[in-house]
Amino acid sequence: MSEFRIEKDSMGEVRVPENAYYGAQTQRAVENFPVSGYTFSREFIQALGLVKKTAAKVNAELQMIDADLAEAIQQAAREVMEGELDEHFPIDIFQTGSGTSTNMNANEVIANRANEILGAEKVHPNDHVNFGQSSNDVIPTTIRLAAVSGVRSALIPALQKLRSAFLDKGRELSEVVKTGRTHLMDAMPVTVEQEFSGYARQLELGVKRLEQTVQRLQELPQGGTAVGTGLNTNPEFGERFARAVSEETGYEFSEAENHFEAQSTVDAPVELSSQLKTIAVGMMKIANDLRWMNSGPNSGIGELQLEALQPGSSIMPGKVNPVIEEAVAMVCAQVIGNDSTVTVAGQAGNFELNVMLPVVARNLLESIALLSNAARVEAEKSVSRLNVNKERIDEMVGRNPVLVTALNPIIGYDKAAKIAKKAFAEKRPVKEVAREMTDLSDEELDEALDPIKLTRGGFSS
């Protein structure tokens, strides 16, 4: 039995692997684009299967294709959604900018599998699987479906989990007062809870940004066909498609208010990418703060103790590194880079079509997946397990010369500055030096320089 079979398309004959569900157009794309080895993600293929399944369902309801063909197409598309046919989607991301090759890949796979289900050659990839559709509305719709699903089902829950981890750990350490820092230099004290509440708020705002942005992605281009006019599809198709997808996913989708905007631009994906970048910037700040506070344990700050997860060196026994935070920081760097790619791609909307859709899909969906996984891992393996070095924290707070700021309203800025400089030069606690250089009693100094009181704002008495 031959390893190949002969398939035909409008350009002639092509040799296709014998057991492949795809056909001639897919094979041409495989041969034309041996660029990166990157293929579409599971999330994208799942969403593409959903587009084809829903299109068949709606077209059958509108009596545009026969019910038996539509049923077979839906069954085959369901298998695509469930990942049973992933090996039959081999085309490189860097292909035709509309994603036509991948749309035809899906059409061919689903048609051949549907014919196998029917036991007869009845389903045509273009005439039936792609009926009332164009790559120019299928691929943008697929991007939006996959992105909305990823954000709502994975990213938002992961960010909320990380936020909760910071809030829970902050409450656990609410009475621990540590040295605040500005410019990487000692500043007035804060509690661990206060510092962690700032991280939690960053993540909360990230979720709110996503919830606002994703609404724009829930307008679907499907129904505009080639250029947004809806040629060769039923006028009711777009609205019915959006309603059916909403029922299938549980998310509220609608037909694009303006198909010419929805198909000629990727403004909504660009907006989402920029919000993912904002979240990544915040998460990198958080990861680096944790790394700094964990640094040492002897020659660094050494306030936090992140859980030891693995040996940190192949040559230095006993060394342990903040590996989760390092991984999170690298994820954030990748997401920031992905956003640059999506931004450039967003400018490639020429007249009625953007011609960088595949790379938008890859980078956008990768960013969603990376941030989802990174936030979940940081919550589970780092924040929820960290401890503090209370003895080290108390020592550093006591020797922090900036504590003298609390005495400003009592003794004035200039005298407070002299106390701070003397305390720093002699490596002595501020309270001890202030006792020598002022007429304040021990009780007054204890009251004014109480670290926990200094974290609550207002004036010292």
Practice problem: Give the residue, chosen from Thr102, Thr96, that is surrounded by 20 or more Cβ atoms within 10 Å (Cβ to Cβ), under 32 Å from the mean Cα position of the chain (by Cα) and closer than 19 Å to Ser134 by Cβ. | Solution: Thr102
Quiz item: When you go through Leu370, Leu365, Leu403 one by one, which is the residue that is in contact with a helix residue (DSSP H, G or I) (Cβ under 8 Å, 6 or more places away or on another chain), in a helix (DSSP H, G or I) and over 30 Å from Val270 (Cβ atoms)?
Solution: Leu403
Self-check item: Residue that is of a type in the set (A, V, I, L, M), in a helix (DSSP H, G or I) and farther than 30 Å from Leu145 by Cα, where the choices are Val377, Val433, Val360
Solution: Val433
Practice problem: Quick one: in segment 436-451, of everything that is exposed (fewer than 13 other Cβ atoms within 10 Å of the Cβ) and part of a helix (DSSP H, G or I), which residue is farthest from the chain's Cα centre (by Cα)? | Solution: Glu436
Practice problem: Considering each of Ala329, Ala287 in turn, give the residue that is free of Cβ contacts under 8 Å to residues at least 60 places away in the same chain and surrounded by 17 or more Cβ atoms within 10 Å (Cβ to Cβ). | Solution: Ala329
Self-check item: Hits in segment 245-269 - residues which are in a helix (DSSP H, G or I), touching a residue at least 60 places away in the same chain (Cβ under 8 Å) and either surrounded by fewer than 20 Cβ atoms within 10 Å (Cβ to Cβ) or hydroxyl-bearing (Ser, Thr, Tyr) (or both)
Solution: Glu248, Thr249, Phe260, Ser264, Asp267
Quiz item: Looking only at segment 58-93, which residues are acidic (Asp, Glu), outside any loop (DSSP other than H, G, I, E, B) and under 32 Å from the mean Cα position of the chain (by Cα)?
Solution: Glu79, Asp86, Glu87, Asp92
Quiz item: What number of residues in segment 210-244 are surrounded by fewer than 22 Cβ atoms within 10 Å (Cβ to Cβ) and hydroxyl-bearing (Ser, Thr, Tyr)?
Solution: 2
Quiz prompt | Residues located in segment 204-241, provided they are without any contact (Cβ under 8 Å) to a residue 24 or more places away in the chain and over 14 Å from Ile156 (Cβ atoms) | solution = Leu231, Pro235, Gly238, Glu239
Exercise. Determine which member of the set Gly170, Gly180 is over 29 Å from the mean Cα position of the chain (by Cα), without any contact (Cβ under 8 Å) to a residue 60 or more places away in the chain and either assigned to a helix (DSSP H, G or I) or farther than 20 Å from Lys381 by Cβ (or both).
Key: Gly180
Quiz item: Is it true that Ser273 is polar (S, T, N, Q), in the same structural domain as Ile324 (by TED's automatic domain parsing), under 22 Å from Ser367 (Cα atoms) and crowded, with 20+ Cβ neighbours inside 10 Å?
Solution: yes
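The values are calculated or read from the model by the stated rules, or taken from the named source; none is laboratory data. Keep in mind that this is a model prediction, so the values were computed, not measured. Every residue, glycine among them, receives a Cβ derived from its backbone with ideal geometry; neighbour counts consider all protein chains shown.
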